[in-house]
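I have placed the structure first, in the form of structure tokens, so that the comments after it can refer back to it.
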Amino acid sequence: MASHARSYVRDRATTLTEHQPKAHRQYLEWTPSRLLSWAGSAGPHTAELFRQILATKPHPEVGYRCCLGLVRLGEKHTIGRLEAAAARALHFGAYSLARVESILKHHLENEPLPDSAQTRPAPHILQHSNLRGAGYFNSNFIQ
């Protein structure tokens, strides 16, 4: 049991490192630069995915855990598969461990990425006598 003085600084922990559980202390060994260095050695897509994860998570610890999970996925699967999955995750803006894990689980990392034109078809504009454009409303309601 330990007590700590209350801190009025937002988003700043006052817990001493020696008071943290052993599992939490392991995260402290992995600094952002070390995570990014590991990701850079895995490949450019993995490095960019790590950068996006660290930048988009609300708390750094959440980003660390996510990145460390990706490190574990690199050990479980091959680095090549992780790099391909990272490229796919970046394409879809899926910056989470669960998404990358799903890509690897379902072997989607080597599926071709859809073109942006294929993913969003041009909208079909209906032509009908009951359809009125903006001009109708402007002329009848604004005086």
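One line per residue, one yes/no per condition, for (1) under 18 Å from R34 (Cα atoms); (2) surrounded by fewer than 16 Cβ atoms within 10 Å (Cβ to Cβ); (3) modelled with pLDDT of 90 or more; (4) within 13 Å of the chain's Cα centre (by Cα):
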residue	(1), (2), (3), (4)
E48	yes, no, yes, yes
Q52	yes, no, yes, yes
V62	yes, yes, no, yes
V71	yes, no, yes, no
G80	no, yes, yes, no
A85	no, no, yes, yes
R88	no, no, yes, yes
F92	no, yes, yes, yes
Scan of the range 96-109 for residues that are within 12 Å of T46 (Cβ to Cβ) and surrounded by 20 or more Cβ atoms within 10 Å (Cβ to Cβ), ordered by number: V100
Pairs needed: first member in the range 1-20, over 19 Å from P58 (Cβ atoms); second member anywhere, at pLDDT below 75 and hydroxyl-bearing (S, T, Y); C-beta distance under 8 Å; at least 6 residues apart or different chains. H4/T14; H4/T15; A5/T14; R6/T14
Test Q143 against the stated conditions and say whether it is in a loop (DSSP other than H, G, I, E, B) and at pLDDT below 90. yes
Going by what's in this entry, would L97 be described as modelled with pLDDT of 90 or more and touching a Ser or Thr at 6+ places or on another chain (Cβ under 8 Å)? no
Condition check: free of Cβ contacts under 8 Å to residues at least 24 places away in the same chain and more than 14 Å from A42 (Cα to Cα). Does E61 satisfy that? no
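The values are calculated or read from the model by the stated rules, or taken from the named source; none is laboratory data. Not measured: the values here are computed from a predicted model. Every residue, glycine as well, gets a Cβ built from its backbone with ideal geometry; the counts of neighbours run over all protein chains shown.
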